[in-house]
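Below is one structure, written out as C-alpha cells; comments come after it.
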Amino acid sequence: MTPEASSNCSIVVESKPSARVEVCQQIMAKLEANHFGKDDFFAVHLTLEEAFLNAVKHGNKMDPTKKVKVEYLVDSEKVDISITDEGNGFDPDAVADPRFGDGPFKPGGRGLFLMNMYMDIVEYNERGNSVRMIRYKEKPDFTKV
Amino acid sequence: MKESSNKKDIQSLQDSILPMIESASGGIKLILDFGNVQYLSSAILGLLIRISKRIYENDGLLRLCNINPKIYEIFKITLLTKTFDIYKDIESAADDLS
C-alpha cells in the first residue's frame, strides 16, 4: 500500500472543545494512511488538542459564535497543521517556561511547552492568533544550513 | 483513573476526587493508578496539581503509579517528576504509604 497523496485540507469548526474530536479524527486518519508511527500519533494527538483548546479557550475566549480554522497537510514525510482563531493573538515569547520558578506547582501553562517539545517546528503569525506546527516522520538535520 | 481528556471528563474526575479529599479526617492517602491511561493533556496535569495541593494542604499524601513510558515522558520533560511521587506499581506505592 503506497502512502496517500498529499493534499491541503482546510476545515472551519465551531469554537467549542468538543469540536476537536472531528478534527483529530480527520488528521489521525491521514497519519494512518501515510504510515506514521505510534510516537507520531501520540505527539500529533497531544499537540493538536493543546493547540485547538488554546484557540477555543484563550483565543476565542469560549465564545461559541466564533470559529476555529484548521488547515493541514499530511504526506509521507511530515504532518503540517495550522490552527487559527478569531482572537487578538498573544506573544508566545512572553509565556513563561513551566519548568522553572513556581511553574512546576502551577496548574496551567504547559500547553505551549508540550507543543514545542513534541513538534519539530512551531511558529506563530505576527498577530499571534495562528500557530503552525510541523512534525517530520524522519527527523531532518536542523544543524545543517 | 480512566483514559480521558475532555472538559467533561476532567470535571467529573475533579468532582469525584476533591470531595473525598475534603471529607477525609486526618488527611487522605491517595494512590492514582495510571494503568489504563494512554493519553494525557496539560489540562489533566493541571488537575493533578490542584488535587496534589489540596491533599497536602489537608495533611494527606498522594502517590502516582503504573504510568506507561509515553505518559511518563510527559511528566519527565515538564519536570513534574519532581512535583509528584511516582512509583512503578500499586504495590510499591502502597508500601510507601503504610
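Hey, does segment A:10-18 have a residue that's surrounded by 13 or more Cβ atoms within 10 Å (Cβ to Cβ), of a type in the set (D, E), outside any strand (DSSP E or B) and more than 14 Å from chain B (Cβ to nearest Cβ)? Let's see the steps before the verdict.
Initial filter on segment A:10-18 (surrounded by 13 or more Cβ atoms within 10 Å (Cβ to Cβ)): A:11, A:13-17.
Retained after the next criterion (residues that are of a type in the set (D, E)): A:14.
Then keep just the ones that are outside any strand (DSSP E or B); that gives none.
Taking every residue of segment A:10-18 in turn, none turns out to be surrounded by 13 or more Cβ atoms within 10 Å (Cβ to Cβ), of a type in the set (D, E), outside any strand (DSSP E or B) and more than 14 Å from chain B (Cβ to nearest Cβ).
Scan segment A:23-41 residue by residue and report those that are farther than 16 Å from A:K78 by Cβ, surrounded by 13 or more Cβ atoms within 10 Å (Cβ to Cβ) and of a type outside the set (S, T, N, Q).
Passing the criteria: A:V23, A:C24.
Could you tell me which of the residues A:V23, A:V68, A:V95 is of a type outside the set (G, A, S), more than 14 Å from chain B (Cβ to nearest Cβ), within 23 Å of A:R135 (Cβ to Cβ) and in contact (Cβ under 8 Å) with a residue 12 or more places away in the chain? It would help to see each step written out before you state the result.
Values: A:V23 fails: more than 14 Å from chain B (Cβ to nearest Cβ); A:V95 fails: more than 14 Å from chain B (Cβ to nearest Cβ).
Going through A:V23, A:V68, A:V95 in turn, just one is of a type outside the set (G, A, S), more than 14 Å from chain B (Cβ to nearest Cβ), within 23 Å of A:R135 (Cβ to Cβ) and in contact (Cβ under 8 Å) with a residue 12 or more places away in the chain: A:V68.
What are the residues in segment B:19-72 that are assigned to a helix (DSSP H, G or I), among the acidic types (D, E) and surrounded by 14 or more Cβ atoms within 10 Å (Cβ to Cβ), if any?
none
Taking B:K8 as the residue in question, decide whether it is modelled with pLDDT of 85 or more and either assigned to a strand (DSSP E or B) or not aliphatic (A, V, I, L, M) (or both). So that I can check it myself, show each step before the final result.
Details: modelled with pLDDT of 85 or more: no; either assigned to a strand (DSSP E or B) or not aliphatic (A, V, I, L, M) (or both): yes.
When the stated conditions are applied, B:K8 does not pass them.
Going residue by residue through segment A:70-92, is there one that turns out to be assigned to a helix (DSSP H, G or I) and modelled with pLDDT of 95 or more?
The answer is yes, given that some residue of segment A:70-92 is assigned to a helix (DSSP H, G or I) and modelled with pLDDT of 95 or more.
Taking into account only those residues within segment B:73-82 that are of a type outside the set (A, V, I, L, M) and part of a helix (DSSP H, G or I), which is surrounded by the fewest Cβ atoms within 10 Å (Cβ to Cβ)?
B:K76
In segment A:110-121, what count of residues is obtained for those that are free of Cβ contacts under 8 Å to residues at least 60 places away in the same chain and either within 22 Å of A:K67 (Cβ to Cβ) or more than 8 Å from chain B (Cβ to nearest Cβ) (or both)?
3
In this structure, is A:V74 among the β-branched types (V, I, T) and within 14 Å of chain B (Cβ to nearest Cβ)? Even if it seems obvious, please write down each step before you answer.
Working: among the β-branched types (V, I, T): yes; within 14 Å of chain B (Cβ to nearest Cβ): no.
Judged against the criteria, A:V74 is not a match.
Could you give every pair whose Cβ atoms fall below 7 Å, whose first residue belongs to segment A:33-61 and is farther than 22 Å from B:V37 by Cβ and more than 9 Å from chain B (Cβ to nearest Cβ), and whose second residue is among the polar types (S, T, N, Q) and buried (at least 22 other Cβ atoms within 10 Å of the Cβ), counting only separations of at least 6 or pairs across chains?
Listed by first residue and then by second, the contacts come to A:V56/A:S15; A:N60/A:S15.
Say whether the condition of being of a type in the set (A, V, I, L, M) and in contact (Cβ under 8 Å) with a residue 40 or more places away in the chain is met by at least one residue in segment B:32-44. Walk me through how you get there before you give the answer.
So the first thing to find is which residues in segment B:32-44 are of a type in the set (A, V, I, L, M), and the list is B:32, B:37, B:40, B:43-44.
Going one step further and asking which of them are in contact (Cβ under 8 Å) with a residue 40 or more places away in the chain, we end up with B:44.
Yes, the conditions are met somewhere in segment B:32-44.
The values are calculated or read from the model by the stated rules, or taken from the named source; none is laboratory data. Here the structure is a predicted model, which is why all the values come from computation and not from measurement. Cβ coordinates were reconstructed from backbone atoms using ideal geometry, including for glycine residues, and neighbour counts include every protein chain displayed.
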